[in-house]
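Student: One structure coming up, written as structure tokens, with questions to follow.
The values are calculated or read from the model by the stated rules, or taken from the named source; none is laboratory data. Note that the coordinates shown come from a computational prediction; the quantities given were computed from them, not determined experimentally. Backbone-built Cβ (ideal geometry, glycine too); neighbour counts: all protein chains shown. Quick note on the areas: whole protein, heavy atoms, side chains included, nothing else; ligands and nucleic acids left out. Shrake-Rupley method; radii C 1.70, N 1.55, O 1.52, S 1.80 Å.
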Amino acid sequence: MRYAVVIAGLPGKISSSVKDTLQERFTDNHVFRAAGAPYYDDGSTVYDGQVIADTLRMGVDAVFGKSARPNGFCRNVDRPCALHYGNKDACGKLESETCFRLKPDFLIVIYQTGLNEEQLLTALHHSALTIRLPAACYAHLTKTVDACIEALKASYSVLGTVRRNFESAKNPLTLPVLNARTRELDSLLSLANKTGGKSESEQFKRTFFSRSSGSYKLRTPLEFQPSQLNGRHGIPDAKANDAIALSRIYRLGCQYLRDFHYDVHRNDDKHLSGNHAFHCREGEEDKYPKGRNANVTVDDCLPWET
């Protein structure tokens, strides 16, 4: 298994040393990235726009591999990546020769506790498995390295559980959070980030999944139906947005099928008439689709017409 690991919010004076130490500690099936953040005397990272953008950039660099092994995954380093920029002609390699063979299986973000850390988590949009470093680690090299090692060891079991959940298209861990609009789903993903969510997913499915319609009843009168193999529309472009590039491939640190989405329809068989708002992360304004259903991706985008 291959792991992309980003350590976020570390003071610049230790970030490079932490990254290098961890890279030496682990074999080349791990790639580490860390962008230094400003140091604060009060011992607390501040997750402002720049620190968050740097974290996303490091994630993209780790996943899409701009440097050669052992510090990256993709060997085709001289051409832009089709997965990231949405240009199918960008990479000359076959998928079996590059992305699906060399891309990391898992994405982990280990972040130093700090102010506005919830904004970092919002930007990641559940793409990574996230692990919080305690305040006692701040600016302390040895404590940070030790905590990262323990966090990584603990993450393997969690990622394995999430990945097994993804074997079923009906698992609730891939539901689009912003458009489902349920506190229960938020709670489920928070728990799954810590435990893998096996029993919690089963309970969520028993509560919200309708066998008769094959859909999740989450937002009356709308139902969220996992797309069938013969009803998928291809792989949506990731474009140049770092956050979407990551969430288009990963949920809770694990890869999901990239052509998978949800068909959102009314529970009374009527067509959508433009009365229901859908949030699309690719634009600033909500969409009000009309037609039989709305196609919503795992990461809350509406790339196709109904």
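Student: Excluding Ile14 itself, what net charge comes from residues whose Cβ is under 11 Å from its Cβ, given Lys and Arg +1 and Asp and Glu -1? Walk me through the intermediate numbers first.
Tutor: Details: positive: Lys13, Lys19, Lys143; negative: Asp20.
Local net charge: +2.
Student: Now for a different question. Going down the table (Lys13/Lys143; Lys194/Lys217; Lys170/Lys198; Lys170/Lys217; Lys205/Lys290; Lys19/Lys143), which pairs top 19 Å between alpha carbons? Provide the component values of the computation, followed by the final result.
Tutor: On the way: Lys13/Lys143 14 Å; Lys194/Lys217 25 Å; Lys170/Lys198 13 Å; Lys170/Lys217 13 Å; Lys205/Lys290 28 Å; Lys19/Lys143 13 Å.
Those over the limit are Lys194/Lys217; Lys205/Lys290.
Student: First compute the accessible area of segment 110-194 with a 1.4 Å probe, then give the percent of it belonging to carbon and sulfur atoms.
Tutor: 53
Student: Now for a different question. Heavy-atom accessible area of Met1 with all protein chains present, probe 1.4 Å, nearest 10 Å²?
Tutor: Rounded to the nearest 10, that gives 120 Å².
Student: What accessible surface, in Å², does a 1.4 Å probe find on His265, ignoring ligands, DNA and RNA and rounding to the nearest 10?
Tutor: The value for His265 is about 40 Å².
Student: Per residue, what accessible area does segment 250-306 have, given a 1.4 Å probe and all protein chains present, in Å²?
Tutor: The answer is 47 Å² per residue.
Student: What relative contact order, as a whole-number percentage, does segment 149-298 give when Cα pairs under 8 Å and 6 or more residues apart are counted?
Tutor: Relative contact order comes out at 21 percent.
Student: For segment 149-215, what is the relative contact order in percent, using Cα pairs closer than 8 Å and at least 6 residues apart in sequence?
Tutor: 35
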